[in-house]
Amino acid sequence: MAAKNRESLLWNRIKKNIKNVFFTRIESSTINGIPDIHCVGFSNVFWMELKSDYVSYPKLNKWQIVWINKYVKAGGIVIICNEALSERKLKLYRCPVSGFTEPRLLKPRFSFSFPVKWPEVQASLQELVQLDPEA
């Protein structure tokens, strides 16, 4: 199954199971690197990048890394939701204010084994979004 199809399936599970968040899926061919979903919830505005692959880290391209680093440096919040299929885990990352260049070095803040318990994912997502950016 192609990565885009896996990300679409992940998107469907997120919008079905994460409550009280307004999600807008963005399909942009004009802005390189913009994350997949614009989100409003937990008293914050944030972006979410979806990844679903057989590697253990979020496989971001160079445009995504640049966009995310600029957005976070300007005070924004970006969450990466990575479905690591080979590990059978869903991982949540909050992109650091300090920036990053190598996605393999990012450390997930939360990790959930399959089958995912979505109320736990929602609580963890809320914690990530409301986290002090310097933490």
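The values are calculated or read from the model by the stated rules, or taken from the named source; none is laboratory data. This one's a predicted model, so the numbers in the text were calculated from it and none came from an experiment. As a convention, Cβ positions derive from the backbone with ideal geometry for all residues, glycine included, and neighbour counts pool all protein chains shown. Accessible surface is based on the protein model in full, side chains and every heavy atom, while ligands, DNA and RNA are left aside. Shrake-Rupley method; radii C 1.70, N 1.55, O 1.52, S 1.80 Å.
Below, the figures for the structure above:
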quantity: First in the range 64-88 and of a type in the set (Lys, Arg), second anywhere and open to solvent by 20 Å² or more (accessible area, probe 1.4 Å), Cβ under 8 Å, 6 or more apart; calculated: 73/97; 73/99; 88/113; 88/114
quantity: Number of positions in the range 78-104 that are crowded, with 19+ Cβ neighbours inside 10 Å, within 21 Å of residue 17 (Cα to Cα) and not charged (D, E, K, R); calculated: 9
quantity: Spans of strands (runs of 3 or more DSSP E) in the range 1-62 with at least 3 residues not hydrophobic (A, V, I, L, M, F, W, C); calculated: 44-53
quantity: Members of the range 96-114 that are in a loop (DSSP other than H, G, I, E, B), among the small types (Gly, Ala, Ser) and modelled with pLDDT of 95 or more; calculated: none
quantity: Residue count for the range 20-40, restricted to those that are surrounded by 10 or more Cβ atoms within 10 Å (Cβ to Cβ) and of a type in the set (D, E, K, R); calculated: 2
quantity: Answer from 43, 111 - the residue that is among the hydroxyl-bearing types (Ser, Thr, Tyr) and more than 19 Å from residue 133 (Cβ to Cβ); calculated: 111
quantity: Criterion violated by residue 43 - all others in (1) open to solvent by 50 Å² or more (accessible area, probe 1.4 Å); (2) in contact (Cβ under 8 Å) with a residue 60 or more places away in the chain; (3) more than 23 Å from residue 21 (Cβ to Cβ) satisfied; calculated: (3)
